[in-house]
Structures are given as C-alpha cells and as structure tokens.
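Trainee: My structure is below; once you've seen it, I'll send some questions.
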Amino acid sequence: MKLKLTLSAAAIALATGTAVHAADSDDPIVIPIHNWSSQIVMSHVVGQIFESMGNNVEFVTTDSQAVYESVRLGDVALELEVWEGAFGASFRAALEKGGLHDAGDHDAVTREDWWYPMWTKDACPGLPDWEALNDCAAVFATPETGDKGRYLDGPVDWLKHGAERAEALGLNFTVINAGSAAALWAEIGAAEADKKPVLVFNWTPNFAEAVWPGEFVNFPKWEDGCDKDPAKGPNPDALYDCGNPATGYLKKAAWDGMGDKWPTAYKVLQAISFTNPQIAEMAKFVDVDEMEPEEAAEAWLEANEAVWKPWVEAAM
Amino acid sequence: MSDRETVISCRNAWKLFGDNPKKFFASMSGSESFDDIRRAGYIAGVRDVSVDVGRGEMLVIMGLSGSGKSTLVRCFSRLHDITTGTITVEGDDIGAMSERELIALRRSKMGMVFQSFGLLPHRTVLDNIAFPLEMRGQDRHDRRKRAMEVIELVGLSGREDYFPRELSGGQQQRVGIARSLAIEPDIWFLDEPFSALDPLIRREMQDEFLRLQQMLSKTIVFITHDFDEALRLADRIAIMKDGAIEQCDTPDQIVLNPATPYVRKFTEDIEKSRVVHAGVLSRPLNGAAPEGEPVQASATIQQLARQLVNDAREDLPVADADGALVGVLNRQQALDVLLGDA
Amino acid sequence: MADVTADIEDTKNGLSSTRVAQILLVAAVLLAAARPVLPEFMIRVPEAWIPPFAQWLDYFFNVIVIEKLKIAVLTRWFAEGPLEFMLNTMANLLEGKRRWPFLGPVPWTAVAAVAAVVGYYLGGWRMAALAGGTFIWTALIGQWKIAMQTMSVLSVAAPLAFFTGLLLGITAWKWELVNRIIKPVLSVLQTLPFFTYLLPAVIFFKVGPTAGAVATIVYAIPPMILMTTLGLKKVSPEVVEAGKMAGCTRWQMLTRVYLPAARTEILVGVNQVIMLCLAMVVLTAFIGMPGLGAKLLAMMGSFKLGRSFEIGVTIVLLAVMLDRLSKAWVVKLPEHHEKGTPWWKEHVVLLTAIGAFVVFLALAQFVQVFDHIGRKQDFSRGKEIDTAIKGFLAIDTVQAFTGWWRWFLNVWILIPFRNGLLWIPTPAFILGIVAFSCWLGGKRPAIYAALFFSLVALSGWWDRSVITLYAVISAVILSMFIGLPLGILASRNERWSRRILLACDTAQTFPSFIYLIPAIMLFGVNDVAVIFSIVIFTTVPLTRYTIEGLRTVPPEMTEAADMSGATKRQKLLTVQLPLALPTMAVGFNQAIMFAFFMVIIAAFIGTQDLGQELQRTLAGTDLGKNFVLGICVSLMALSFDLTILSWAERRKRALGLA
C-alpha cells in the first residue's frame, strides 16, 4: 500500500512538474464537507483540482452553520457553497467578526420556497399559482390539521417564516416545522407511494429534483424589503407577503490567510464557478448512480475537463 | 513464662470504634461496662488488655465472635491503631513507629494468616507466596527459590502455577500459610486460619500446623473460636469476652481453675483428663519420693488412665523427659480428674 | 410492610410522606382549578422575573474562562498537540490518513484475522466468528474506510476515557471530599443531553475529530468513575490486610493489591466506556466527526434508506462485537499451563495473531482484494433495501393501520394531553410533580424535585420543558403497554427470554436516529412519529428489567406459591410481580432516562421542545443558552431519577432483597 502511495505521489509530481514554482505551502488545504451530496462532490472536485496542482488536501466533516466560525479561525481554508437563504446570516456574522471573506459567486443561482412534487398537481390543477392553494386546502389536510391544509416548512432555525407568510396571504394552512432536511425527504418519500399531495419546503439545486420532479409555488414576486416593510407586497399590513428571491446567490468563502499561504490554489478558487446543471450533475452521480463522492468527483472531472482546465491554467 | 524473653508486650490497650474515640476515652471514668460504652455510641473492640507473648510461645486467643479477638491481633500488628495504651514488639513501641518503620517491621518480622485466606485472585500460587518478597524488592530469582522452599514445606509442590480459585479450601489456606512464612518471620499471627475449612480438613491442618511449629518454633498468636482447637495447640490461652481478657493461662490451669463463671461455662463440657498433665497435677517432692516406676510429667491424665486404675500406690513419682524426678502425683486426685469429679 | 416502616420513620418528624403528598396534590388541583381567576404571574413566570442565566453563563465562559483564564489556549493546545497526534496516528494506521507514521492503512484482511484470533482467545469459535465476521461484513458492504475512521477515534477516545475515569475513580475513593464533589457532577453529566457536550467541545477543542473525541471521552467517563470506586470499595478487607502485612507501601497497595483485586468491576467499566464511546462517536457526526455517523447523516440527508440501514447494521455489529468481547474479557480468568509446556504453546494465541497479521499483510501486497475492496466489488444492496422498505410502507394495510393510529393518538390522546399540560399554571404543575415525588420517593426526593422544577420554571424555557416532559411521559406510558406484557410473556421460558433480550440489545445499539426516518414515513412529521421513535427506545429497558425482575424471584417463593395452590395468574399477581417490582422500577427509571435522551434526538423529526432549541444552538456559539437548555433537561430527568430510585431502594429494603 505504501508503494502505491509513493507512485501516485510521483505521478502527480511529474504531471504537474510546472507547478513546483508556485509557492503554495505544503500544509494540507482543509476543505469542509457537509451532509448533502452536491456540496460533498463539489468539495472533492475542487480538492482533486488542487491535488492535481501538487497541493495537499484534506477533508473534514463540519456542521454547515458552524463552518463559518472555522473558516474565520483558519481551521478550514474555504467553503464552497454559501447559500444566500440558508447560510447568509451565519456568513455575514462571521464576515463582521473578520477572518474570512467573500471569494466570489458561482454562476448557479439558488432558490428556496414552498414546493410540491409533480403528482400533487393532479389533485390541485391550479398550481403553481399560489392563489390555487386555498381552493385545494382540503387535499392537503391531515387528521391533526382538521380541515386546514398542511404545509411542512423547514426547521425553525432556518427562519423561513412559513407561518407568517400563510398568515399574511390569508392561506387556510397550518404550518408545521420539520426538524431536519431528512424529515422533509421522508415526508415526500412516504407520500410518493400512493401519490398523496404534499406541500413542503424545498430548494434548488439539490438531489430531490432528480428523484422527485416537482415545482415551486409561484408566490407574489420578491421585492426588496418585503421582510421589513409591510407596504411591500400585496398585503399592505403584513410582512413576508412575497415569495423568496428566485435567484439567490451561491458564494464561495475563503479564510483571509488562504491567499498568502496557498496563492495558486487561492487564484483557482476565485476563478471557480459552477452552474446549476453542473451542480445537479455532481449530485446525480451520488444520489442516483450510487457512486461514492470521490468517484463522482473523478467522473465529473473527466467529463468536464473543458470547464476546469482553464481555471487552473489561468492561475499557473 | 518468666523463662522466656518477651516479644510482644501489650499494656492497658484500648481500642474503641466510633466518631471520636480519643475524646470519648478521655471522658470515661473507667468503670463503664461494654454495654455502657455501646449505649454511648462506641464499640469497645479491645478493653484494657494487658498481655505478654514470649519468644517461641504459642498464645491462643479464644473467644466467641464479636469478643474482640481479631481486633486485638490486628492491634498487635498495627493494622488497627489502638486508642490508648502501649504495645511493644521486641521492645519497640509500634504505636510510635513511622509508616516506613512499620512497613519495614512487617516486611522482616511478621507474617499473618487469614480466615478467608486473603489470597490475591489474579496471582498464581507461586506469585501469591512470593508477594511479600516482591514487596520488599527481592530479585526474581531469589523470590522464586524461597517461594519454592515454602511451597514444599506446606506440601503444595506441583501446584505453584495454579490460581487460587483452582484450589480447594485447605490448599488455599496452605498457600496463605506459605505466604506468611515466606519472609521467615519471627512473629506469626493466625486469625482463625482453619475456621473456614470442614472438620476433617481442619484436623489435618492442625496436625500439619503443629508439625510446622515444631520445625520452626515461631512466636505465635493464634485466634480461634474453637475451644478444643485452643486446648490442642496452645501454650497459653487467653479467653476474651466483650473486648477484655477474662483469663489468660495454660490449658491445664484454665480447665482446673477457671477464673470466672464465663470461663467455667467453656470448661464444663471438656473432658479434663485429656487436657491436664501429670506434671501440672503433681505436688513438690519435699525430699522423699514415692517408690516405683515414675510417670511422665508430660503425659495427660487420660494417657495414664489404665495405670491410675490398676496401680495400688497412693502416690506416684513424676519424672520429666530426662528421667529426673520432679514431683509427686496423688492417685486419688488424678482419678478424680479422670472421672470428672475434680 | 414497607410503607409501615417508612411511615413510622416519617411520622417521627411530623406528617407522613403520603399525607404530605395528598396535601400537595390537593393544593395543586385547587390552584389549577382557580386558573381563570389567577393573576398572570401565577400562571407563568413573567419574563421580567427570569434571571438572565444564559448571559451569566456566557459571561462566565467568554470572559472568565476564555479571556481571563485563557483556558481555551490550553485546551486548543491539547487538541492540536497530543490529541490530534494520537488521532492522526490511529487514523493513519487504520484508514490511511496521510500522517505520521505513514504506514497505513492496514489491510482489512489482517484486521479481520487478528480480530478473529482475539475473539477465539476470549470466547471460542462463536466469538471468533462474530469478531471476524463483523469486519468481513464491513469490508464487503463497502464501508471499510468510514468504519475505520470511527474505529480510529474510538481507539483513542476509549483508552483516554478509561484512564481519566480510573484516575478520577481512585481519587474519589481515596478522598471522601472529592467523592462528595464528584457524585452530583456525575449525576448531572449522565442526564445531560449529548448536544450539550458538543458545543463546548467545539469551542474549546476545535471543530472536527478533536472536538468529537473530547465530547466522546467526557460522555464515557462517568460510568468508569463509578465502577472504579465500586470495585475498590468491594476489595475484601482480608486481601487488603494481607497486602499490608506483606509490607506494601501505599503505591504498592494500590497497584499490586487494590487495582488487580478490583479487576472485574474495572473491566465492566471498560465495557461501558467502549459502548458509550461508540454511541457517542456516531452522534458526534453532528459536529463534524467523520466516519459511520457522518455517512449515516449524509445518507439520511439524501433519503437513502437502504444505505442508512446498512450503516446501522454495521454499527450494531461493531457494538455487539465490542460488547461481547469486552464482556468475555471480564469473565476470562487466567489459567495455568502445565509444567513443561513449551514456550510457543503458552503464547500460541499471540503467535497466531502475529502470524495471521503478517500473512495477510504480505498477501495484500500482491492480491488487491486482500488489501481493500473497491467500490465495484462490494456487496451493498442499498437500492434493493430501499425498494423493500418503501414497498413495505406502501402496503395498504400498513398505511391504514398507521393512518388510524396517527389519527387516534393525535386527535384523542396526545394533543389534548399536551394542551392540558400546557394549560396548567406553573405553580400547580410544580406542586403536582412534587406531590408525585413525595408520594413515591419520600420527602428528600420531593425537596429536590421542588428545587429542580422551580429552577426550570425560572430558566425561561418552561413551555418547551413541559412539551419535552409531555413527550417523555407519553412515550414511557405507551411503552409500558408493550414492554411489560412482552417481558412477562418472555420470562416464562428460558429460550424466549434469551431471544427477547438479544433483540433488546440490538434495538438499543442501533443508532437512534435511524429510527427517525421510518417513524416519519409511517406517521408523518407530527407528535406520533416523535413518540413512536422514543417508544422503540424506551420499551427496551422496560422489557429487559421485567424479564430480569421476574426471573430473579427466589425459587423458594414461587415454589411456596405453587404449594399453596396458586394458579399461574395468582402466582404472577401476588408473588412474582410484587417481588420483581423494585427491579422493574430500575427499568422504568432507565426508560425515562432513555426517553429524555431520545426526545432530544427526535428534534430531527420536528418538535417544539428543548431538543429543538438545543439543536439550534449547535450551529452557533451560544454556550450560555446551550447550557441552560441542557441543564433543564438534566434537572427534570434527575427529579425522576431520584424519586424512582429512592422508591426502589426503600422497597428492596422492605422486602429484604437489598
């Protein structure tokens, strides 16, 4: 096993002989991974790019909110998926404390909102328009919600304000908070068998699109300040009476010290930008094709040399 | 007694158990009974005990359970600290010894055998026996050599690699005995060593023990609750009750002249002729010795029974082991002892 | 009789506990009945009265501990220095992380072979099969690397927890003062939700394996301390005296006499350390511990039931293997070799292990499958299991069954019960709890319950605490309906007892959060799913202790009942159950403790209780709030713990079983 390691190390050194001049530190670049596939595969993709440049890379599993504290302290070097909706707050908090900075946006946009799997449309044909919801509230009813419809929102700490929106838009729905992403999937999975209509919180890009085709509900378009100024949005007396922004950012974050320690890798990081289809493809390798993340990353790199080679060449 | 050098000397020793025994002792008038003390919330383990043990002597401490005999022997080795009084071992006050001195004393002079053997379950027979040697830092080779000697002495050869739980009770106690002898102690404490064994084994172990004692001539303090065992083994017996010694004397004297009603109760059922020796029963010569064949001073009356019944003489001469006449035995008096009329 | 003696004791200083309990209960009921006319501050403690515990704690941690005392510098040094070094070394050996000594990873065949030999040495062929089989399964199913990540942390955390626990246990045994300080701390630690261990670990010991290892160690220490103290106290006085008479110094007494003589208890402690470490090391995935737990979370996050299930099986196998091996080690006593046994025969096990290791190490250099199993070679059946699980859940009868229960429990029992509890004014609620505690456990536990619940009320998290308690109580009551009959039935026959106990072991070691997904799929995101997932967990101790209680009833008593002409039913009701009750109470107590544990995890389904808030704090740096929440759980759990154990203790004494 030792032999093999040395060999592959030598191969990398040969292949990237030119990289030696770059003054990147030999210390491993620590890349955090979380518990959803696209992020894990993307981290491995970027990690393998760094490795091909002669850097040492290491992966640590971290909590997706706590990670910004770790980036700030330099425990990990970067974060590849900063979702505006989910992690914007943690990111901004860490940004204010100092120690990490914005390393640019991906091409991909993110969206998170009320969502339903396609089969739901059969029971409630007026969708995706939000005004159709009240008419078919009854099809979403469950024993404990009585005759009101049931909407399964994300965990409370994601601060999605589902209840406020239902109230503001006069929706005849009870909003229940799931405890975790897994709870959301379980709910959809349970409904899948006999095509029961469900309405849950969801976001894109993620693996669910590949497993369960579905759509977001079209709420009144987001206006800036909809969460602060009652006047914005259709209901003049309420906050949260708009849908979420349909094009949230997906950022990269880097530790302030990264640029000095691994200048070349840092340049590559700045250049990196994935699109929605690319991210979906990464997730699909793992979630649908049952690959391990490392293999998925290899497969993706092989299939997409045209995408990532220029980033590396520009940095060298 | 007077002809022996004193090894352990215990003077007015008290051992009280309770919250603050020293303070309580200071407040006592001295006339309190065991029950008075108990009512005050203290237990008198040892109550004003004074006793000496001579070199090579076997003192048996006899008493029922709770009489304080085990406590007393633990005071001798300072496993318990006494509340007041003094205990000296070979002239040194053990109460005044530092921990280091005490350890040195135990490592070189004392051995102890326990009722439930007190063997270390994780060590083999050999390692158990060599344990005290190991503690005093003897090297492995010496340890092994000495341990094998004692193993042979107690008749456990071939079992040295066994673990205690693989042995019978009697064998385990042999290990206990061997361990206590490993450092060649001068003073040997045995705390009811045979009580946990069944009667047949007990008898065998007593014989074995007497054989060892004949070879080794240690100074021994032996605890038992079995009066027969005490009579069989002892040079002197101390009978304890409620922490105090009721009587301390030779077996003959205890049987012939019990000092208290409590002691008498023990002696009542004893066949005295088996205990009393001709030498003890004889009176001084006073010049003229009776005629005829002498009887041995060391013989018990029972051993002389046939002769006592058949002999016509009123008085019989008593001779010691060397054949010298030492006294006169009144036949009628001896017959009284034999028939239980004494 | 028990009640008589207890009452006599109590009447000496005034009223009997039962009478006090009745008075308290009446007061509670009156207060509750008066709710409509009660002033607001009697219904809930007003915000303004609530002391800012969280801020105080935050100040304590941030200003005093971190800034003034610079403790974090020390802990971080430890985390990044020695601890990380140990973790890295093991990680290199087992899973091939690129760190010193750059030797690993050891081929899976070599590990499995050595495990089998150790298993054989400790427990014969069955253990050999279990130990070897576990590793073979792990490799074949394609989880070798992640399993080794977990094992490498375990192999650092367990020994550290062992030594720390041993050391603290010895100190507590040696000095009564230390013992008195340590005891209540241990009680709190043992009831503290595991989330509360995680956050401070991250802050003081850096996110990732180091923090996970520290949290794991802290979690596993308490039983080791308790077992060490217990073992040392139990050493026979004669053995101690024998040691003293052999002239041992104090150090020699400890190392040559006390510790070896307490071997059995210490090894039982080792067993518990290993089990707790494994349980916790999986849970530390929440703070970035790689390995089986992290993989499991990722699999659950992408709704892969089959793969989650397979990981669960691996964890159970590892747990059962470690448990059985360490238990076999407890009962394994040294045996002597006959004289003249050749050297190699005395060490045959060691030599075989080394031999097997070397052989497979060599083989692995040439044959790849002996070194590692590639992704394409594994036997994972994730997809098939997925389909099977989903298929089962889609069966109409299953759906109808769960649908009915969901409706019945939610609408008629759980929601009214919860609303009822929430409706009760705080003082009445506390009085009610105290009355219960007084009636069952006596005055002392009642005083503690009063104190503890008042603190909970003052913490500012009353409603969430009540909801937590509601889930616990509902789950324990429901599991009684399952566990008690199951235990009683199983106890009638040796074979069934054994089977059910084995099932209990397995259910308990199955990582708790795997239950969450089926629970949701069966019942949806609501209280029924929450309670269901707790019930799976709490039924285990109830069943186990019922079986044990009934089976340890002295035979002469059941024989006496038989000879008195009792029917089976009479015998059960009048002889066996009363005598088994104290033991069953221990099971009942454990069920409550498990429920408090699981209810926190059930936050992943979706609850409005303390667990949900705790889970939220994990993402941030709110140490103060995290602690307040954790302590709330701990205080409630302790109140029950004290009450029930006090009852069991008194009852046992009264029955002469203690």
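Trainee: Would you point out which residue out of A:ASP102, A:ASP129 is under 30 Å from A:VAL67 (Cα atoms) and charged (D, E, K, R)? Break it down into steps so the answer makes sense when it comes.
Mentor: On the way: A:ASP129 fails: under 30 Å from A:VAL67 (Cα atoms).
When all the criteria are applied, what remains is A:ASP102.
Trainee: Out of region B:130-165, which residues are crowded, with 16+ Cβ neighbours inside 10 Å, within 11 Å of another protein chain (Cβ to nearest Cβ) and out of contact with any strand residue (DSSP E or B) (no Cβ under 9 Å at 6 or more places or on another chain)?
Mentor: Selection gives B:ALA130, B:PHE131, B:LEU133, B:GLU134, B:MET135, B:ARG136, B:ARG159, B:GLU160, B:ASP161, B:TYR162, B:PHE163, B:PRO164.
Trainee: Of everything in region B:92-106 that's loosely packed, with under 15 Cβ neighbours inside 10 Å and either in contact (Cβ under 8 Å) with a residue 24 or more places away in the chain or within 14 Å of another protein chain (Cβ to nearest Cβ) (or both), which residue is farthest from B:GLY18 (Cα to Cα)? It would help to see each step written out before you state the result.
Mentor: Taking region B:92-106 and keeping what is loosely packed, with under 15 Cβ neighbours inside 10 Å, we get B:92-93, B:96, B:98-101, B:104.
When the remaining residues are screened for being either in contact (Cβ under 8 Å) with a residue 24 or more places away in the chain or within 14 Å of another protein chain (Cβ to nearest Cβ) (or both), the result is B:98-101, B:104.
Numbers: B:SER98: 24, B:GLU99: 23, B:ARG100: 27, B:GLU101: 27, B:ALA104: 29 Å.
Once the filter is applied, the top-ranked residue is B:ALA104.
Trainee: Checking A:GLU313 against (1) in contact (Cβ under 8 Å) with a residue 40 or more places away in the chain; (2) exposed (fewer than 15 other Cβ atoms within 10 Å of the Cβ); (3) charged (D, E, K, R): exactly one of these is not met. Which one?
Mentor: (1)
Trainee: Identify all residues within region C:467-502 that are among the aromatic types (Phe, Trp, Tyr), over 23 Å from C:LEU579 (Cβ atoms) and either open to solvent by 30 Å² or more (accessible area, probe 1.4 Å) or at pLDDT below 90 (or both); write none if there are none.
Mentor: Residues of region C:467-502 among the aromatic types (Phe, Trp, Tyr): C:470, C:481, C:496.
Going one step further and asking which of them are over 23 Å from C:LEU579 (Cβ atoms), we end up with C:470.
Matches in region C:467-502: none.
Trainee: For B:ARG123, are the conditions met, namely being closer than 18 Å to B:GLY169 by Cα, charged (D, E, K, R) and either surrounded by fewer than 19 Cβ atoms within 10 Å (Cβ to Cβ) or touching a residue at least 40 places away in the same chain (Cβ under 8 Å) (or both)?
Mentor: On the way: closer than 18 Å to B:GLY169 by Cα: yes; charged (D, E, K, R): yes; either surrounded by fewer than 19 Cβ atoms within 10 Å (Cβ to Cβ) or touching a residue at least 40 places away in the same chain (Cβ under 8 Å) (or both): yes.
Considered against the rule, which asks whether it is closer than 18 Å to B:GLY169 by Cα, charged (D, E, K, R) and either surrounded by fewer than 19 Cβ atoms within 10 Å (Cβ to Cβ) or touching a residue at least 40 places away in the same chain (Cβ under 8 Å) (or both), B:ARG123 comes out as yes.
Trainee: Report those helices (runs of 4 or more DSSP H) wholly inside region A:174-263 carrying at least 1 residues which are surrounded by fewer than 18 Cβ atoms within 10 Å (Cβ to Cβ) and among the basic types (Lys, Arg). Give the derivation first.
Mentor: Working: elements: A:181-192, A:208-211, A:258-261.
Fully inside region A:174-263 and qualifying: A:258-261.
Trainee: Still on this structure, please answer the following. Does at least one position in region B:176-193 carry a residue that is more than 12 Å from chain C (Cβ to nearest Cβ), open to solvent by 10 Å² or more (accessible area, probe 1.4 Å), of a type outside the set (A, V, I, L, M, F, W, C) and within 21 Å of the chain's Cα centre (by Cα)?
Mentor: yes
Trainee: Assess whether B:THR71 counts as being open to solvent by 20 Å² or more (accessible area, probe 1.4 Å) and part of a strand (DSSP E or B). Full working, then the answer.
Mentor: Numbers: open to solvent by 20 Å² or more (accessible area, probe 1.4 Å): yes; part of a strand (DSSP E or B): no.
Answer is no for this residue.
Trainee: Here's a follow-up. Looking for whichever is crowded, with 22+ Cβ neighbours inside 10 Å, within 14 Å of another protein chain (Cβ to nearest Cβ) and in contact (Cβ under 8 Å) with a residue 24 or more places away in the chain here; the options are C:LEU154, C:LEU94. Which one fits? First the steps, then the outcome.
Mentor: On the way: C:LEU154 fails: within 14 Å of another protein chain (Cβ to nearest Cβ).
Of C:LEU154, C:LEU94, the one residue that is crowded, with 22+ Cβ neighbours inside 10 Å, within 14 Å of another protein chain (Cβ to nearest Cβ) and in contact (Cβ under 8 Å) with a residue 24 or more places away in the chain is C:LEU94.
Trainee: Do you know which residues across region B:32-68 are of a type in the set (Asp, Glu), in a loop (DSSP other than H, G, I, E, B) and more than 18 Å from the chain's Cα centre (by Cα)? Give the steps one after another, and end with the answer.
Mentor: Going residue by residue through region B:32-68, those that are of a type in the set (Asp, Glu) are B:32, B:35-36, B:48, B:52, B:57.
When the remaining residues are screened for being in a loop (DSSP other than H, G, I, E, B), the result is B:32, B:57.
Scanning region B:32-68 gives a single hit, B:GLU32.
Trainee: On the basis of being hydroxyl-bearing (Ser, Thr, Tyr), open to solvent by 20 Å² or more (accessible area, probe 1.4 Å), in contact with a helix residue (DSSP H, G or I) (Cβ under 7 Å, 6 or more places away or on another chain) and in contact (Cβ under 8 Å) with a residue 60 or more places away in the chain, does C:THR546 make the cut?
Mentor: Values: hydroxyl-bearing (Ser, Thr, Tyr): yes; open to solvent by 20 Å² or more (accessible area, probe 1.4 Å): no; in contact with a helix residue (DSSP H, G or I) (Cβ under 7 Å, 6 or more places away or on another chain): yes; in contact (Cβ under 8 Å) with a residue 60 or more places away in the chain: yes.
When the stated conditions are applied, C:THR546 does not pass them.
Trainee: Which ranges mark the helices (runs of 4 or more DSSP H) fully within region C:554-626 that have 3 or more residues being open to solvent by 40 Å² or more (accessible area, probe 1.4 Å) and hydrophobic (A, V, I, L, M, F, W, C)?
Mentor: Details: elements: C:555-563, C:568-571, C:577-601, C:610-618.
Counting at least 3 such residues, we get C:555-563, C:577-601.
Trainee: Which of the residues spanning region C:343-365 are over 30 Å from C:ALA262 (Cα atoms), open to solvent by 80 Å² or more (accessible area, probe 1.4 Å) and within 11 Å of another protein chain (Cβ to nearest Cβ)?
Mentor: Answer for region C:343-365, where residues must be over 30 Å from C:ALA262 (Cα atoms), open to solvent by 80 Å² or more (accessible area, probe 1.4 Å) and within 11 Å of another protein chain (Cβ to nearest Cβ): just C:GLN365.
Trainee: Out of region B:227-267, which residues are open to solvent by less than 40 Å² (accessible area, probe 1.4 Å), of a type outside the set (A, V, I, L, M) and outside any helix (DSSP H, G or I)?
Mentor: Result: B:ARG236, B:GLY243, B:GLN247, B:PRO258, B:THR260.
Trainee: Does A:GLN39 satisfy the criteria of being closer than 24 Å to A:ALA181 by Cβ, within 11 Å of chain C (Cβ to nearest Cβ) and in a helix (DSSP H, G or I)? Break it down stepwise before answering.
Mentor: Details: closer than 24 Å to A:ALA181 by Cβ: yes; within 11 Å of chain C (Cβ to nearest Cβ): yes; in a helix (DSSP H, G or I): yes.
Yes.
Trainee: Here's a follow-up. For region A:161-218, which residues satisfy the criterion of being more than 17 Å from A:PRO117 (Cα to Cα), more than 8 Å from chain C (Cβ to nearest Cβ) and in contact with a helix residue (DSSP H, G or I) (Cβ under 8 Å, 6 or more places away or on another chain)?
Mentor: A:GLY170, A:LEU171, A:ASN172, A:PHE173, A:THR174, A:VAL175
Trainee: Please determine, by comparing only the residues of region C:371-400 that are buried (at least 16 other Cβ atoms within 10 Å of the Cβ), within 11 Å of chain A (Cβ to nearest Cβ) and of a type outside the set (Asp, Glu), which one is farthest from C:GLU310 (Cα to Cα).
Mentor: In this case the residue turns out to be C:GLN399.
Trainee: Across region B:296-313, which residue is least open to solvent (accessible area, probe 1.4 Å) among those that are of a type outside the set (Val, Ile, Thr), out of contact with any strand residue (DSSP E or B) (no Cβ under 7 Å at 6 or more places or on another chain) and part of a loop (DSSP other than H, G, I, E, B)?
Mentor: B:ASP311
Trainee: Here's something else I'd like to know. Based on this model, can you work out whether B:VAL89 counts as more than 27 Å from B:ASP242 (Cβ to Cβ) and away from chain C (no Cβ under 12 Å)? Before the answer, list the steps.
Mentor: Working: more than 27 Å from B:ASP242 (Cβ to Cβ): no; away from chain C (no Cβ under 12 Å): yes.
For B:VAL89, the condition - more than 27 Å from B:ASP242 (Cβ to Cβ) and away from chain C (no Cβ under 12 Å) - is not met.
Trainee: Which residues, taken from region A:57-71, are facing chain C (nearest Cβ under 7 Å) and not in a helix (DSSP H, G or I)?
Mentor: As a first pass, look at region A:57-71 and keep what is facing chain C (nearest Cβ under 7 Å): A:60-63, A:65-66, A:69-70.
Result: A:VAL60, A:THR61, A:THR62, A:ASP63, A:GLN65, A:ALA66.
Trainee: When region A:72-88 is examined, which residues are found to be part of a helix (DSSP H, G or I) and more than 10 Å from every other protein chain (Cβ to nearest Cβ)? First the steps, then the outcome.
Mentor: Initial filter on region A:72-88 (part of a helix (DSSP H, G or I)): A:72-73, A:84-88.
Residues satisfying the conditions are A:ARG72, A:GLU84, A:GLY85, A:ALA86, A:GLY88.
The values are calculated or read from the model by the stated rules, or taken from the named source; none is laboratory data. Nothing here was measured: the structure is a model prediction, and the numbers come from that model. Don't worry about glycine lacking a Cβ; one is built from the backbone with ideal geometry, like all the others, and counts go over all protein chains shown. Side chains included, ligands, DNA and RNA excluded: accessible areas come from the protein's heavy atoms. Shrake-Rupley method; radii C 1.70, N 1.55, O 1.52, S 1.80 Å.
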